[in-house]
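A.B. asks: One structure is given below, represented as C-alpha cells, and several questions about it will come after.
The values are calculated or read from the model by the stated rules, or taken from the named source; none is laboratory data. What you see is a predicted model; the values in this text were computed from it and never measured. Every residue, glycine among them, receives a Cβ derived from its backbone with ideal geometry; neighbour counts consider all protein chains shown. Just so you know, the surface numbers come from the protein's heavy atoms only, side chains and all, with ligands and any DNA or RNA stripped out. Shrake-Rupley method; radii C 1.70, N 1.55, O 1.52, S 1.80 Å.
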Amino acid sequence: MDCGGGAIKSAVCDARGHLVTESRRIDVSYPFTPEDLIAMIISVRDWAAEHGAAPQRVAVGVPGMIRAGTIEYTPHYIRTAGPHTTVLPELENAWNGLNLAGALEKALGQPVRVVNDSEIHGAALITGQGLEVALTFGTGLGSAHFLGGALQAHLELSHGQFLADTTYDQYIGEHVRRRLGNDEWSGRVVEVVSALFPVFRWDTLYIGGGNTHNLTPEALEALTAIGPLTRVVANSVALSGGAHIWN
C-alpha cells in the first residue's frame, strides 16, 4: 500500500512484484486517524481475499519519518483537513510514536512491514548497484536511498531548508505547483535535483511520485542530464515495491 496525503493506493502483487489484482485508490478523508487507516487496510485485504488474491503479508508506505515500523513523525495525517492545514494535537499524539507495524500485525494476523512511502517506491526500482536514490514529487518531496541494494537510514529532506526560511516542501510541494503552474514548478524541480546531486553523488537517480507527469519536456530533458544516470518512472511502481521491500 502506498499511502499519500490525498489518497491510499493499493494492490496485491506476487513475490516478483507483478500485480495480481487491479490497483485501487481510496481518497483520504480528513480528519484521518490511525484507526481509519487500519480499517481501510483491513477492507482492502478482505476485498482481495474475496477476489481470490488474499495476501500473505502486507507492506505499507507512509509519509514521514518511519523507524522499525514506528511513526516518529508524519506530516499530513496529523492535520484537520490535509497537508498544510492546522495541526490537531490529538491527532499528533495519536500518530507520532505509533508502532503502526505492530498495530497492523495485531489487526490483520499477518506479517507487516511499514516504511516511508518513498522507500517502498524505490524498492521497486533499484538494481543493487552502487548508491541509488529515489526522489518522489507529490504532496511534497520524498526521498529514499539504497547502497548496494540495502535500504539506508531515512532522511526527511522535505523539511530541510532549501532557501532562507523556505523548506523543500514549501519550494516544490503540490500547493506550490498549483499556484505557479507546471512550467515554473518544473524549473524549480530541476533546481532542487541539481542542488541535491553534490549532497548524494548518486550512481543512479529515480524520479517518480504523483506529480511526475506534470514535469515539462524541457525539465525532463534537463533532469536526465544531472548525474551519471537518471530515470523518470511512473508513480504506480510503488505498488510493486510492496513485494521488494521484504528483500
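A.B. asks: For the range 89-115 and the range 186-238, compute the distance between their C-alpha centroids and round to whole Å.
C.D. replies: When both Cα centres are located, 32 Å separates them.
A.B. asks: Angle, helix 182-200 long axis vs. longest principal axis of the chain, Cα atoms, 0 to 90°, nearest 10?
C.D. replies: 90
A.B. asks: Ok, one more. With a 1.4 Å probe and all protein chains kept in place, how do Thr216, Thr85 rank by accessible area, largest first?
C.D. replies: Largest to smallest exposure gives the sequence Thr85, Thr216.
A.B. asks: Still on this structure: Of Ser43, Ser240, Ser29, Ser118, which has the most accessible area and how do the rest follow, probe 1.4 Å?
C.D. replies: Of Ser43, Ser240, Ser29, Ser118, the descending order of accessible area is Ser29, Ser43, Ser240, Ser118.
A.B. asks: Still on this structure: Below 14 angstrom from the Cβ of Leu98, what's the summed charge of the other residues (Lys, Arg +1; Asp, Glu -1)?
C.D. replies: Charge balance near Leu98 sits at -4.
A.B. asks: Suppose all protein chains stay in the model; what accessible area per residue would a 1.4 Å probe give for the range 1-105, in Å²?
C.D. replies: About 46 Å² of surface per residue is accessible.
A.B. asks: For helix 34-50, what angle does its Cα long axis make with the longest principal axis of the chain, in degrees from 0 to 90 and rounded to 10?
C.D. replies: 70
A.B. asks: Further question on the same structure: Compute the Cα gyration tensor for the range 28-160, then decide on rounded, prolate or oblate, letting a ≥ b ≥ c be the square roots of its eigenvalues: rounded whenever a/c is under 1.5, prolate when a/b is larger than b/c in the other cases, and oblate in all that remain.
C.D. replies: oblate
A.B. asks: Follow-up. Thr33 versus Ala164, label points 7 Å from Cα toward the beta carbon: distance in nm?
C.D. replies: The modelled label-to-label distance comes out at 4.5 nm.
A.B. asks: I need the shape label for the range 109-159. Rule: rounded when a/c is under 1.5, else prolate if a/b > b/c, else oblate, with a, b, c from the alpha carbon gyration tensor.
C.D. replies: Oblate is the answer for the range 109-159, as a/c is 1.5 or above yet b/c matches or exceeds a/b.
A.B. asks: Here is a further query. Ordering Arg188, Arg24, Arg231, Arg16 by accessible area with a probe of 1.4 Å, largest first, what comes out?
C.D. replies: From most accessible down to least: Arg16, Arg231, Arg24, Arg188.
A.B. asks: Once the other residues with Cβ under 9 Å from the Cβ of Ile245 are scored (Lys, Arg +1; Asp, Glu -1), what is the net sum?
C.D. replies: 0
A.B. asks: While we're here: Could you look at the range 65-192 and say what percent of its accessible area is carbon and sulfur, using a 1.4 Å probe and all protein chains?
C.D. replies: 49
A.B. asks: Assuming 0.36 nm per residue, please report the length gained on full extension of the stretch Glu50 to Val176 beyond their Cα-Cα distance.
C.D. replies: Working it through step by step, the gained length comes to 41.3 nm.
A.B. asks: Percent of alpha carbon pairs in the chain separated by more than 34 Å?
C.D. replies: Summing the P(r) of the chain above 34 Å gives 13 percent of all pairs.
A.B. asks: Determine the gain in length on full extension of the stretch Glu92-His18; use 0.36 nm per residue of separation and subtract their C-alpha separation, reporting nm with one decimal.
C.D. replies: That works out to 23.1 nm of additional length.
A.B. asks: Okay, next question. Mind checking which of Gly208, Gly227, Gly61 has the largest fluctuation in a GNM of the chain, springs on alpha carbons under 10 Å?
C.D. replies: Result for the chain, Cα springs under 10 Å: Gly227 fluctuates most.
A.B. asks: Please identify which residues in the range 123-141 have an amide N closer than 17 Å to a label point set 7 Å out from the Cα of Arg201, following the Cα→Cβ vector.
C.D. replies: Counting only backbone N, you get 130-133.
A.B. asks: Connecting C-alpha atoms closer than 10 Å in a GNM of the chain, tell me which of His159, His175, His51 has the biggest fluctuation.
C.D. replies: In this elastic network of the chain, the residue with the biggest mean-square fluctuation among His159, His175, His51 is His51.
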